[in-house]
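Here's the structure, in structure tokens; my notes come after.
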Amino acid sequence: MPYTVYILYSRVTTSTKIPSWVITGSINKFTGKWCHTGLKNQGATCYLNTALQILFMTEDFRNIIRRLHKRKGCITDISIHMAELFESLCEKKAFATTETITGVLGIDVYKQEDAAECLQKILNMVDPEMSKVFQGEMEYTTLCKNPIKDHELDTQPDSFFILPISMESQSPINVQSYFDSYFDPVMMSGEDQVYCTTCQTMRDTETSCNVLEFPSVLVLHLERFELDYNTMTCVKNNSPVEIPIILLLKGCQFALYGIVKHVGSLNGGHYYADIKSFEDKQWYQFNDTSVQQISDVENHLPCCEAYLLLYKKKKEESEKEAAEEEKEAAEEQEAAEEQAEEEIEAAEEEKEAAEEQEAAEEQEAAEEQEAAEEQEAAEEEKEAAEEEKEAAEEQEAAEEQEAEEEKEAEEEKEAAEEKEAAEEEQEAEEEQEQEAAEEQEAAEEQEAAEEQEAAEEQEAAEEEQE
């Protein structure tokens, strides 16, 4: 059995009562059959249409994308555009278009691509909550078989969306038998030896893989295209595949609900899908814009065109797993509560110790503060005394200066008074001298007048004598 296998499963829980918004088809009034909406092929986009119809007809995926879109919780552009496309598919039109999807995916609408790669790309780009429906967890182990040295088991966990099934086995391939041996150890020897880091050389190595957690929806990829080393071109393996309706994997039951088919070659082929509706439990063939009801796929198995197989975990398995998860969650809750109590006790003890330490630190700080305050008070008292002494000295100096200024003022006042008295005395003397001068001038004027009068009298007498 080849070692490399890729399978994609999805876990889907089917409700007994279907909400009204989930009903995406309608009853044809002429045929009385359920109707679904197709997707327009833009050129060579049948692979994209098939992948989108698969996602739309997966109940859990559709519920999640609608819920996130309703509360505006979609993060990525592809998720938003897919939510809008799903709304169009719910409107019962003749067909819907995918221009926005091809735009955000960067698709050349005239170039044929691989449906499995397209589905993987979409799941990598949508919001994690959506892709989780298809995501499983696997563990790969390798062990060097060199008996001379001790080796530790090398374990590498990994997540997956798609698990491939090699078509190199003898035809026809039985999927159930393939998986029954899928988890058996494989010895890598001869040309397939693996390099051992401990031995530092190529060694026989035992490899194995184990699924740690199956996804809600499981998708298997039948690798029909292989490289022909003679022509160095990819050729298609058209071997028939025996597809079980119920797939048993490690105690879990998965029910087939979708088959992606491919006809033609790698470059000139066409994709379409047969999908079982979770709404009316009938099978429909989605072929671009054409959607028609078909008979159960059991009538068409084994199949030479099957390319992707989609299984969903059966309800009872989901309920059992949910019960185990609930039990595990309860145990985890109990352990968490015990741990929380221990953490609370430890926190209280730590809090008490912290409070005691804080009280001691506060007391020490209070004592230090009291000592500092006493020292500060002493320094303030000393400073006040110095300031008082300095003030007294300044006051004494001021008083002395004031006394000197008063003395100088009195001396200046006395000098001013003496000067004023001298000026008054001088002024009185000047007034006396002026009065004396005026009296003398008056006496001189009177004497001059008397002399003039005497002269006039003498002149008159002489005139009278003559």
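The values are calculated or read from the model by the stated rules, or taken from the named source; none is laboratory data. The structure presented is a predicted model; accordingly, all values stated were derived computationally and were not measured. Reconstructed Cβ throughout: ideal geometry from the backbone, glycine too, with neighbour counts over all protein chains shown. Ligands, DNA and RNA are excluded from the accessible area calculation, which covers all protein heavy atoms including side chains. Shrake-Rupley method; radii C 1.70, N 1.55, O 1.52, S 1.80 Å.
At a glance:
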| quantity | calculated |
| --- | --- |
| Protein accessible area in the stretch 72-125, 1.4 Å probe - carbon and sulfur % | 51 percent |
| Inter-centroid distance (Cα atoms) of the stretch 118-193 relative to the stretch 404-447, Å | 139 Å |
| Percentage, to the nearest whole number, of Cα pairs in the chain over 44 Å apart | 49 percent |
| For the stretch 209-246 versus the stretch 362-398, the gap between their alpha-carbon centres in whole angstrom | 95 Å |
| Helix 46-56 axis, angle to the chain major axis (alpha carbon atoms, nearest 10°) | 80 degrees |
| Semi-axis lengths, Å, the stretch 72-169, gyration tensor of Cα atoms, sqrt of 5 times eigenvalues | 40, 17, 12 |
| Furthest towards positive pole of dipole, GLN285, GLY43, SER216, structure part the chain, Cβ charges | GLN285 |
| Compactness of the stretch 313-466, expressed as Rg and Dmax over alpha-carbon positions, Å | 61.0, 193 |
| Summed side-chain charge close to THR98 - residues other than THR98 whose Cβ falls under 11 Å, Lys, Arg +1, Asp, Glu -1 | -2 |
| Orphan Cys of the chain, criterion: no other Cys C-beta under 4.7 Å | CYS35, CYS46, CYS74, CYS90, CYS118, CYS209, CYS234, CYS252, CYS303, CYS304 |
| Rounded to 5, percent antiparallel among DSSP beta bridges of the chain | 90 percent |
| Where the chain is the region considered: accessible area per residue in Å², 1.4 Å probe | 62 Å² |
| Taking all pairs of distinct alpha-carbon atoms in the stretch 110-251, Kirkwood radius in angstrom | 17.9 Å |
| Sequence of ILE107, ILE259 when ordered by accessible area, the most exposed leading, probe 1.4 angstrom | ILE107, ILE259 |
